[in-house]
1. For the range 90-167, what is the accessible area per residue in Å², given a 1.4 Å probe and the full set of protein chains?
2. Short version: ³J(HN,Hα) in whole Hz for each residue of the range 50-64, in order, from phi by Karplus 6.51 cos²θ - 1.76 cosθ + 1.60 (θ = phi - 60°), x for Gly and Pro, what are they?
3. Report the calculated FRET efficiency for VAL270 and THR169 (r = Cβ-Cβ distance, R0 = 41 Å), to the nearest 0.05.
4. Please find the FRET efficiency linking PHE242 to ASP198, where r is the Cβ-Cβ separation and R0 is fixed at 30 Å, and quote it to the nearest 0.05.
5. Please work out the FRET efficiency for the pair VAL39 and ASP207, using the Cβ-Cβ distance as r and a Förster radius of 45 Å; give the result to the nearest 0.05.
6. Once neighbouring chains are kept in place and the probe is 1.4 Å, which whole percent of the accessible area of the range 57-177 is contributed by carbon and sulfur?
7. What spacing in nm lies between the two simple spin-label points modelled at PHE76 and ILE160, each 7 Å away from Cα in the Cβ direction?
8. Taking the Cα centre of the range 68-142 as the origin and placing charges on Cβ (Lys, Arg +1; Asp, Glu -1), which of THR109, LEU79, PHE127 is farthest toward the positive end of the dipole?
Amino acid sequence: MSTDMHTDTKSGVRTRPVPRPSRKAVPRRPRRSGRGVIVASAAAYLITFVILIPLLWILLLSFQTNDTILAHPFSFSHLTLANYQQALETLNLLVMYKNTLILAVVSVTVGLFISYLAAFALTRMVFRRGGRRTQNTLRYYFLGGLAIPVYILLFPVYRIDIALGLFGTYAALILPYIAVSIPFNILLLTGFLRDFPDDIEQAAVMDGVGLWRMAWKIVFPLMRPVVATLAILNVIYVWNEFPFAVTLINDPSLTTASLAVSQFQGVYSVNYGAMMASATLVLLPQLAIYAAFQKQVIAGMTAGAVR
């Protein structure tokens, strides 16, 4: 860059030339070291392997006889399909899947409906008495349900079902499933709604949109990743739930997927091979659901993290 003086021929005034701005190199993002990439990859593969061990072991045991399971549980010899044949002959898969699907669809739909309305009220509406303090109290009241073990609820729910005449029906399981799912649903929904931008809702209010329409037409469509995540997690919970099912269902025609596995356990003996085969048949729909909607689950869990 030159700093020589120049004389203007018209005015005779000596001026210094304006320096040209130098081009600065755009800083590049530092690359992760090769050792860091190797450590992260090794940790990811290790965690994946640890998670897959129980599933692979169940699959291996489902092809073994009881004697092989008790003597050599990791053996790959004497594999047989007799366990699956016995499981298919003993279990009524169509009835089992139908009952579980009915329970999952009804309880998850009603539970998400109630949870969304409660979360919307806790984050968007101000109570006349108490204001924010009442909102926080109600929110902690709902979240307190996460600290209550399911086994503590078995006897009270059993007594309520007997008093209402619901014992041994779909409603005996649907109502507890809805109640148990609400605390976790509210936890995720309120966390998302608290970070939700207010500009969209303010524009809707200026356009004359009512509260009910704003909740379902404006806010709810933008919460689909979180709602899809909660729906999948709740369906998996209902599919695997056992304490309520074994306590509140006494009709074989209402057998759920989780109850089907326990049919191979007797008073003095256990058919481990058939039990593992039935457990595999119960796991397959769950793995298929998660594989089909894994993108929605990841998007819902990270929806409030990147804004």
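1. Details: 5040 Å² over 78 residues.
Here the residues of the range 90-167 average 65 Å² of exposed surface.
2. These are the phi-based 3J(HN,Hα) values: 5, 5, 7, 4, x, 5, 5, 5, 4, 4, 5, 5, 5, 9, 10 Hz.
3. Working: r = 30 Å, r/R0 = 0.73.
About 0.85, to the nearest 0.05.
4. Details: r = 43 Å, r/R0 = 1.45.
According to the calculation, E is roughly 0.10.
5. Numbers: r = 53 Å, r/R0 = 1.17.
Efficiency at R0 = 45 Å is approximately 0.30.
6. Values: 5190 of 7550 Å².
Percent of accessible area from carbon and sulfur atoms in the range 57-177: 69.
7. Each label point lies 7 Å from its Cα, and together they span 5.1 nm.
8. After comparing all options, I get PHE127.
The values are calculated or read from the model by the stated rules, or taken from the named source; none is laboratory data. Every value quoted in this text rests on a predicted model; they were computed, and no experiment measured them. Don't worry about glycine lacking a Cβ; one is built from the backbone with ideal geometry, like all the others, and counts go over all protein chains shown. Surface accessibility is based on the protein's heavy atoms, side chains included, excluding ligands, DNA and RNA. Shrake-Rupley method; radii C 1.70, N 1.55, O 1.52, S 1.80 Å.
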